[in-house]
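The values are calculated or read from the model by the stated rules, or taken from the named source; none is laboratory data. Everything numeric here is computed off the predicted structure, so don't read it as measured data. Here the Cβ positions follow ideal geometry from the backbone for every residue, glycine too, while neighbour counts run over all protein chains shown. The protein model used for the area step is the full one, side chains on, heavy atoms only, and it has no ligands, DNA or RNA in it. Shrake-Rupley method; radii C 1.70, N 1.55, O 1.52, S 1.80 Å.
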Amino acid sequence: MNQNPTIFKVSELADEMRRLMEASYPEIWIEGELSSLSSPASGHLYFSLKDERSQLRCAMFKGRASVNRYRPKVGDLVRVRAKISVYTARGDLQCIVQYIEEAGEGILQRRYEELKQKLNAEGLFSQAHKQAVPKFAQCIGLVTSSSGAAVRDILTTLQRRCPGIPVIIYPSLVQGDTAAASIVAAINAAVAHQHCDVLIVSRGGGSLEDLWSFNDEQVARAIYNCPIPVVSGVGHEVDVTIADLVADLRAPTPTAAAELLSPDTTQLQTQLNALGQRLPLSIKRQFQRRAQNVDMTGRQLVHPRQQLSNKFERLGKLSAALVSGQQRQRQYRRDRLNAQGQRLTRNNPIKQIRQHQAQQNDVTKRLRGAEQRLLNHAQERLRAMGNQLHLVSPLATLDRGFAIAHTENNAVLKHGAQTSVGATIRVRVSDAQLGCTVDEITPND
């Protein structure tokens, strides 16, 4: 037998039992039949939950009982969310109830599903009706309790991510019988104010009972008819309310709603710095690429005037070559004639002289014929080349009754979009240039 056993006082043991129970069961759900219901003037509720083998004493204090929509009755099968504790004055195990609802589907759950089906049939959840949420909000409106955790989470997130965004709080109740009307009034106030380009409708987490004001039909219709894009951030990620389904964008939590509407300034600054470093290089590469295109186009493009100049230059070279050839031919003939004359003078035979004279006359005649033919051929080629040049010359087109129009900055006018009514243009015809004013621009059929 233990010679030094641990001896507890009754109160010490009761306190230890309370500590152990509250640490082991901070919050649980319990289902059972409601019995022994008591509603004293204090506003608290005292009752028992039982099944076939056991029962538990339960207490629901006034603060929770006053906002709970379900009014319990003896004999109801209910489900409660509660903390397990020990009433140390008597050493009794008891449940501190936070929320109570009918077991099974429950009244609230049935009402939720019925309203969801009704509004869905009317198209309130349709994606076609949802408005685009601005990527960079200029002013954010916030419909929530001015003293709740949601407003603190949202403001903290916005201050951390993008402190420059103005926020206007439209305070409303978010729980209780009058909360739905308060939320509708706050949304209408934001619309009348016309300062916000996006609206957050939000509250923190809770039970279905706690979130019920966001399952109200009037709240849903106020969000649906709101001309300002609405982002819902109600409860936790697993909580899906009617307001979430109607809103233009649903965020899983109030903090997530603030993150969706606030760009991260640190990330934006990093991106801006990176773009600032890339911009000069991009401009330089773009300039070099455009300059290369201009050079290449300039080399490929030959103006008709330049083509005509090239043809005339070639014609001049051919004419010079022809004259030079004629001169060389004449000089050659003269040299040959002189040499023959010298030989004739040395030999002085009359017959040879006559023969040579006859040959000379014949050669001269043939030379002149050849010279004339060569000259005629060259002239004929010159005329043909001139005709070919004239065919490709823009001036030939002008001779046929066409005209060339130029804009005020001397660009060739090809499309009606290059000018406008009242603008001054210059029109070139075959023998003159005309200054004109555009009176009408009519598209071709």
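Tabulated data
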read-out	value
Long-range lysine pairs (8 or more apart or interchain), the range 1-91, Cα under 17 Å	4
Within the chain: Cβ-based charge dipole about Cα centre, in debye rounded to nearest 20 (Lys, Arg +1; Asp, Glu -1)	6160 debye
Cβ-based charge dipole, the range 390-445, positive-most Cα from Ala405, Thr424, Ile441	Ala405
In sequence order, calculated HN-Hα J values of the range 197-205 (Karplus, 6.51, -1.76, 1.60; Hz; x Gly/Pro)	9, 7, 10, 9, 10, 8, 6, x, x
Unit charges on C-beta of K, R, D, E only; dipole of the range 184-281, Debye	400 debye
For peptides 244-256, 325-337, sequence by mean Cβ density within 10 Å, most packed first	244-256, 325-337
Whole-Hz ³J(HN,Hα) from phi, Karplus 6.51 cos²θ - 1.76 cosθ + 1.60, for the range 141-153, glycine and proline x	x, 10, 9, 6, 5, 6, 10, x, 5, 4, 5, 5, 4
Antiparallel bridge percentage (DSSP; both residues within the chain; nearest 5)	65 percent
Top positive-direction residue, dipole computed over the chain with Cβ charges, set Cys226, Ala243, Ala384	Ala384
For the chain, calculated [θ]222 nm from helices alone, where every DSSP H run of n ≥ 4 adds -39500 (n - 2.57)	-16500 deg cm²/dmol
Net length gained if the chain between Asn338 and Thr407 were fully extended (0.36 nm per residue, minus Cα distance)	18.1 nm
P(r) histogram, all alpha-carbon pairs of the range 95-251 included - 10 Å bins from 0, percent	11, 41, 35, 11, 2
Student exercise, the range 54-150 dipole from Lys, Arg, Asp, Glu Cβ charges, in Debye to nearest 20	240 debye
Gain in span if fully extended, Ser430 to Arg57, counting 0.36 nm per residue against the direct Cα distance	123.0 nm
For the chain, built as a Gaussian network whose Cα springs stay under 10 Å, the top-fluctuating residue of Thr364, Thr144, Thr88	Thr364
Residue with peak Gaussian network fluctuation, the chain [Cα springs, cutoff 10 Å], from Ile28, Ile228, Ile353	Ile353
Residue among Val201, Phe287, Ala121 farthest towards the positive dipole end of the chain, charges placed on Cβ	Phe287
Heavy-atom accessible area order for Asp153, Asp51, largest first, 1.4 Å probe	Asp51, Asp153
Accessible-area composition of the chain, carbon plus sulfur, in percent [1.4 Å probe]	52 percent
